[in-house]
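The values are calculated or read from the model by the stated rules, or taken from the named source; none is laboratory data. Because the structure is predicted, anything quoted here is derived from the model rather than measured. With ideal geometry, Cβ positions are generated from the backbone for all residues, glycine too; neighbour counts draw on all protein chains shown.
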There are 2 protein chains.
Amino acid sequence: MEKLYVIKIGGNVVDNSALLTNFLTAFSTIEGQAILVHGGGKLATSLARTLGVSQTMVEGRRITDGETLKIVTMVYAGYINKNIIAQLQAMHVNAIGLSGVDGNLIKAHKRIDANIDFGFVGDIDEVNTGFIHQQLLNNTRLVIAPITHDGAGQLLNTNADTIAQTIATAMSDTYKVHLVYGFEKEGVLRDVTNEGSVISSINNLTYSQLKKENVIFEGMIPKIDNAFLALHGGVQSVIIGKAEKLFELMNGTAGTTITN
Amino acid sequence: MEKLYVIKIGGNVVDNSALLTNFLTAFSTIEGQAILVHGGGKLATSLARTLGVSQTMVEGRRITDGETLKIVTMVYAGYINKNIIAQLQAMHVNAIGLSGVDGNLIKAHKRIDANIDFGFVGDIDEVNTGFIHQQLLNNTRLVIAPITHDGAGQLLNTNADTIAQTIATAMSDTYKVHLVYGFEKEGVLRDVTNEGSVISSINNLTYSQLKKENVIFEGMIPKIDNAFLALHGGVQSVIIGKAEKLFELMNGTAGTTITN
């Protein structure tokens, strides 16, 4: 089976044009197939502020009312996505920028939660692997914005970590998939104040232990949960670490490797 | 050769959700291959106003400074484009939304004008017909936002009429292409105040005459110039008329047909 990298970058890279260009330069030199999933960054928040659309975050998720959905669609699927593609084209990497609605790529449903109304936040139902496969056959890199749809005309705001995991898992039937979560830290840290304290590898057992000790908490938990979901779904490897160190993450010399 | 419709809709359709849905319903039932190019509409202008970014129009073209480029990229390639795709998916039409940077679809250069600095306005150099052909082979409809790129990382704002014409012309080597310009009027009118005064057909000779008589003027001139460019470039037919009457335009019972 052919190798496929699914790489996710978060807001810290997207927000910083120097970091983004460095990352894309590394991304452009990957041999073989690769898919990039990008998060949102601060631009949506600052645009919302300027437009007077108040923002509420619950459990790290943006409560997405109609106006906020409009903003994230513009910023994620428009501004960020097209600027990434423009840079990749300048690096002679043929890429297309998609959201989950394009090619019916990612179908989702509006989140059902008895306690909190998340608004237009989508939980994923299905990935159109056939469409992705077709695009990869053309040697086109896909750059995916975290917007999905419900199949009935409604766009939805969906967590980019989860999109990366779901695509990685779905593609693992036909590719040897390696999932890389690039973010602002060196990896999962034993001490969040010390970038030198990277935990080089975490498995099921140590994960339970680290959660019990409160070493792993808050935002890191859904990320690692996603990593285990990917591994259980057939993904070959999951690495979490600093987006700037893409090659070190890919060859296992940086970051935290999650194993079963 | 297979038939391909290239259809352009303008701001009046994009701005009106009922008109847009009606248009997309008609578009969804076209048999065979079709590409939709959409314009911008008033949303970019109103967003610019809210954000305090002043807008200048010269000869119907938006002077595009950096902030305006950001706005049109967000609105055209993000909000409008993804909402159109969401509706088409709900109609079970598989479509992908692209801008000219995706798949290196449309390369352009920053407009050179000795008198006016148009800013980030792009004039088209090249259409990637191979990429379009590949997507059409997958029976995917393309919906194209009027944003192009210069191949060096710079996005550019490009007139949607010209994009539709250039794509129609470029694809006419491999398809029998029919170009439809949908806009707010019944067609080219002999008397702009009378929707019943549609000129059913215009050729080179009558065009010169109508311009001399000042029946055709201002914004209609570049549209008809584009129509003739398409015909000279191998496009089978060009029809200009009311976007809501898509089928009548397609079968020649409404609008103005441009012929050589």
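Each residue in the range B:1-34 was checked for being surrounded by fewer than 19 Cβ atoms within 10 Å (Cβ to Cβ) and closer than 17 Å to B:Pro146 by Cβ, and 1 pass.
Residues that are touching a strand residue (DSSP E or B) at 6+ places or on another chain (Cβ under 6 Å) and closer than 25 Å to A:Thr169 by Cβ are absent from the range A:47-59 altogether.
Rundown of residues vs (1) within 26 Å of A:Glu59 (Cα to Cα); (2) of a type outside the set (D, E, K, R), yes/no style:
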site: A:Arg111; (1), (2): yes, no
site: A:Asn115; (1), (2): yes, yes
site: A:Gly119; (1), (2): yes, yes
site: A:Phe131; (1), (2): no, yes
site: A:Thr140; (1), (2): no, yes
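Residue selection: A:Gly151 fails the criterion of being surrounded by fewer than 17 Cβ atoms within 10 Å (Cβ to Cβ), more than 19 Å from the chain's Cα centre (by Cα), within 10 Å of chain B (Cβ to nearest Cβ) and closer than 17 Å to B:Gln89 by Cβ. Exactly one residue out of B:Gly119, B:Gly78, B:Gly97, B:Gly130 is more than 22 Å from B:Leu47 (Cα to Cα) and of a type outside the set (Ser, Thr, Tyr): that is B:Gly130.
Of all residues in the range A:35-71, count the ones that are more than 9 Å from chain B (Cβ to nearest Cβ), on the phi < 0 side of the Ramachandran plot and either hydroxyl-bearing (Ser, Thr, Tyr) or buried (at least 19 other Cβ atoms within 10 Å of the Cβ) (or both).
Within the range A:35-71, the subset more than 9 Å from chain B (Cβ to nearest Cβ) is A:35-46, A:48-49, A:53-69.
From what is left, the residues that are on the phi < 0 side of the Ramachandran plot are A:35-40, A:42-46, A:48-49, A:53-58, A:61-69.
With either hydroxyl-bearing (Ser, Thr, Tyr) or buried (at least 19 other Cβ atoms within 10 Å of the Cβ) (or both) added as a condition, the list becomes A:35-40, A:43-46, A:48, A:54, A:56, A:62, A:64, A:68-69.
Matching residues across the range A:35-71 total 17.
Exactly one residue out of A:Val72, A:Val58 is at pLDDT below 95 and closer than 20 Å to A:Thr148 by Cα: that is A:Val58.
Considering only residues of the range B:177-210 that are of a type in the set (A, V, I, L, M) and in a loop (DSSP other than H, G, I, E, B), which is surrounded by the fewest Cβ atoms within 10 Å (Cβ to Cβ)? Result: B:Val192.
Kindly provide the set of residues from the range B:72-82 that are touching a residue at least 60 places away in the same chain (Cβ under 8 Å) and within 7 Å of another protein chain (Cβ to nearest Cβ), ordered by number. Let's see the steps before the verdict.
Of all residues in the range B:72-82, those touching a residue at least 60 places away in the same chain (Cβ under 8 Å) come to B:72-73, B:76-77, B:80-81.
B:Thr73, B:Ala77, listed by residue number.
Looking at B:Ala108, B:Ala90, B:Ala95 in this structure, which one is within 14 Å of chain A (Cβ to nearest Cβ), touching a strand residue (DSSP E or B) at 6+ places or on another chain (Cβ under 7 Å) and under 22 Å from A:Ala145 (Cα atoms)? Only one candidate passes the filter, namely B:Ala95. Every condition in (1) in contact (Cβ under 8 Å) with a residue 40 or more places away in the chain; (2) of a type outside the set (S, T, N, Q); (3) in a helix (DSSP H, G or I); (4) surrounded by 18 or more Cβ atoms within 10 Å (Cβ to Cβ) holds for B:Phe131 except the one numbered (1). A:Ile124 satisfies every condition listed in (1) assigned to a strand (DSSP E or B); (2) surrounded by 23 or more Cβ atoms within 10 Å (Cβ to Cβ); (3) among the β-branched types (Val, Ile, Thr) except (2).
Flag set for A:Lys212, criterion: more than 27 Å from A:Ile30 (Cα to Cα) and not aromatic (Phe, Trp, Tyr).
Can you find a residue that is part of a loop (DSSP other than H, G, I, E, B), of a type in the set (Ser, Thr, Tyr) and over 20 Å from the mean Cα position of the chain (by Cα) anywhere in the range A:242-256? Yes: the range A:242-256 contains one or more residues that are part of a loop (DSSP other than H, G, I, E, B), of a type in the set (Ser, Thr, Tyr) and over 20 Å from the mean Cα position of the chain (by Cα).
Just checking, how many residues over the range A:111-148 are charged (D, E, K, R) and over 19 Å from the mean Cα position of the chain (by Cα)? Outline the logic, then answer.
First, pick out the residues of the range A:111-148 that are charged (D, E, K, R): A:111, A:113, A:117, A:123, A:125-126, A:141.
From what's left, over 19 Å from the mean Cα position of the chain (by Cα): A:113, A:117.
Result for the range A:111-148: 2.
None of B:Ile163, B:Ile132 is touching a Pro at 6+ places or on another chain (Cβ under 8 Å) and modelled with pLDDT of 95 or more except B:Ile163.
Within the range B:211-224, the set of residues being without any contact (Cβ under 8 Å) to a residue 12 or more places away in the chain and part of a helix (DSSP H, G or I) comprises B:Lys211, B:Lys212, B:Ile221. Can you tell me which residue is farthest from A:Gly97 (Cα to Cα) among those in the range B:111-142 that are of a type in the set (Phe, Trp, Tyr) and more than 9 Å from chain A (Cβ to nearest Cβ)? Checked the range B:111-142; the qualifying residue farthest from A:Gly97 (Cα to Cα) is B:Phe118.
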